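Report on the following structure.
The values are calculated or read from the model by the stated rules, or taken from the named source; none is laboratory data. All figures in this text were calculated on a predicted structure; none of them were measured in a lab. Heads up, the Cβs are rebuilt from the backbone with ideal geometry, glycines too, and the neighbour counts pull from every protein chain shown. In case anyone asks, the SASA skips ligands and DNA or RNA and just uses the protein heavy atoms, side chains included. Shrake-Rupley method; radii C 1.70, N 1.55, O 1.52, S 1.80 Å.
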Amino acid sequence: MAAASSTSRGAFVTMWGRFESTGGELGAPSVFYGPRSLVVGQDGNIYVMDTGNKRVQLFAPDGQFVAQYGGGGVIEGRLDEPVGLAQDSAGNWYVADTWNRRIQKFDRNFVYLTQWSIDGWASQSVVNKPALAVDGARNIVYAVDPENYRVLAFNTDGNFRATFGLYGNDAQSFTLPTGIAVGLDGRIYVADGDSHRIMVFSPLQ
């Protein structure tokens, strides 16, 4: 770990972590293998999706390791190439468990609750890294499906709500959707990577 004094101008403050593969086993805290997502939880702690090590790591704001969840596997609560991570207004967590082709839902303490299948996440290519976002006011989970050029929407219990997007460069299409976020007003922001643009959509009703 390294540190420097903080300022209000974005100066470097601290860092933690180094590369190490755990082989998908829990243990070896504070090392990473291709971390993908990072979320500041409702508790103020930092949740890092340690994708290559098939786990979520939890840190205090100063970088002190607190806990880890997951580990490689196909059973409930285990993960394989987890990428997207999001939390809803009730504190529940959602994980894009990509190579297991599912979204898993956990409570605020990362106790497994339920899961649902995503048929589109069939590829293990380098660009199939789906992101998640939650509209807490409407209880909607959004997931990008990069190689099928679309966004999927589910209720927070996993019931399918809608999908939008096709391949293309028009205002309703994507060439590689890789990032997604929901604003306070419910608007949906999608990073369309191969078209080098951010697209904004009205909230799902």
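Structure summary
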item	result
Heavy-atom surface of the chain, accessible at 1.4 Å and reported per residue (Å²)	48
For I118, residues with placed amide H under 5 Å, excluding near neighbours	R102, I103
Binned Cα-Cα distances of the chain, short to long, each 5 Å bin given as a whole percent	1, 7, 16, 19, 19, 16, 12, 7, 3, 0
Accessible area of I198 in the full protein assembly, 1.4 Å probe (Å², nearest 10)	110
Listed residues P130, P177, P29, most fluctuating in the chain (Gaussian network, C-alpha, under 10 Å)	P29
Peptides 183-192, 133-142 ordered by average Cβ neighbours within 10 Å, highest first	133-142, 183-192
Ratio of the Cα radius of gyration of region 143-205 to 2.2 N^0.38 Å, where N counts its residues	1.05
Selected from T163, S123, G183, residue furthest toward positive end of dipole (the chain; charges at beta carbon)	G183
Per-pair calculated FRET efficiency, R0 = 22 Å: Y33 and T163 via Cβ, rounded to 0.05	0.10
Calculated from backbone phi, Karplus (6.51, -1.76, 1.60) coupling profile of region 23-28 in Hz, x at Gly/Pro	x, x, 8, 6, x, 6
Region 62-106, Cα convex hull volume normalised per residue, Å³	93
Most mobile of R161, R36, R101 in a GNM of the chain (Cα contacts under 10 Å)	R161
Convex hull of Cα atoms in region 1-109, direction-averaged projection (nm²)	7.1
Of F59, F164, F32, the one that fluctuates the most in a GNM where the chain has Cα springs shorter than 10 Å	F164
